1. For the chain, what does the relative contact order come out to in percent, with C-alpha contacts under 8 Å and a separation of six or more?
2. Need the C-alpha centroid separation for segment 179-203 versus segment 71-144, integer Å.
3. If you project the alpha carbons of the chain onto their three principal axes, what span does each projection cover, largest first, in Å?
4. In whole percent, how big is the carbon plus sulfur part of the accessible area of segment 43-177, probe 1.4 Å, protein atoms only?
5. Can you list the aspartates and glutamates whose alpha carbon is less than 16 Å from that of K116, not counting same-chain residues fewer than 8 positions off?
6. So, in nm, how far is label E164 from label R188 when the simple model puts each one 7 Å beyond its Cα toward the Cβ?
7. Under 13 Å from a point 7 Å along the Cα-to-Cβ line of S143: which residues of segment 89-127 have their amide N that close?
8. Tell me the angle of helix 2-22 to the major Cα principal axis of the chain, expressed in degrees between 0 and 90 and rounded to the nearest ten.
Amino acid sequence: MIYKATLFTAVLCVIVLSACTKKKEGVMVYQLQYTLPDSLQTYEAYLPKTSTVYFKDDSVATVQGTDQESTTMITHQPTNYMLCLLKSGVRRFEVQYNKDDQAKELPDMKMYDFIKGTATKKIAGYDVQQYIMKNKFNGDTTSTWFTHNVTVPPGFLTMVFNPELGVPVAFSTNQNGMVTKTTLKEIRYESVPVGIFNAPPGYMKLTPQQLREMPVEN
């Protein structure tokens, strides 16, 4: 009887470990909505409406755009690695950001307090908990939603949030007056494209400063 119980426990552990292993790789799809200042209203039609996020272990590639025009942010948070790939027609650029450069590109979460709310609901099939994100300076508040029902690595869209709150599934960020509302649509556990976490050949290397100084083409 002891032998059978031990064998059952061993088999159960193998099944659980196998399931956990499979969940280290997959794809997340987010819906994007925008609130723009008047000066940027004419650009709304060009902004991406979805973001596709590929993850494997701690590597994440966040892709927005089309085959012809796209931005890909490749991150590996344990090593503070962040690489931006820009594609526009025949032009290809890659920009690597160190930790200091990243702080200039990511929303500053230090200006917000996160207060656990009372509401819960389901988003994309997951149980989520409300947190009130309150601006420390002007008192503005917005609801953010996190879940502990799933474990996925943080990527460009979510790496600014405290992981202790859970995985962010619905949230808004404000950069220079442009508010982006991001909502998880689905998570699929499947193999990611080969080479998705590397820069393809033919991309010109730029520094973050060179990219900022590059003239905007109409």
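1. For the chain, the relative contact order is 24 percent.
2. Each part's Cα centre sits 15 Å from the other's.
3. So the extents along the principal axes, rounded to whole Å, are 76, 47, 31.
4. With neighbouring chains kept in place, the figure for segment 43-177 is 48 percent.
5. Cross-link targets: D127, D140, E164.
6. Result for the modelled spin labels: 3.6 nm.
7. From segment 89-127, the list is 117-123.
8. Roughly 10 degrees, rounded to the nearest 10.
The values are calculated or read from the model by the stated rules, or taken from the named source; none is laboratory data. Just so it is clear, the structure is predicted and the values come from calculations on it, not from any experiment. We place every Cβ from the backbone using ideal geometry, glycine too, and count neighbours over all the protein chains shown. Surface areas here come from the heavy atoms of the whole protein model, side chains and all, with no ligands, DNA or RNA. Shrake-Rupley method; radii C 1.70, N 1.55, O 1.52, S 1.80 Å.
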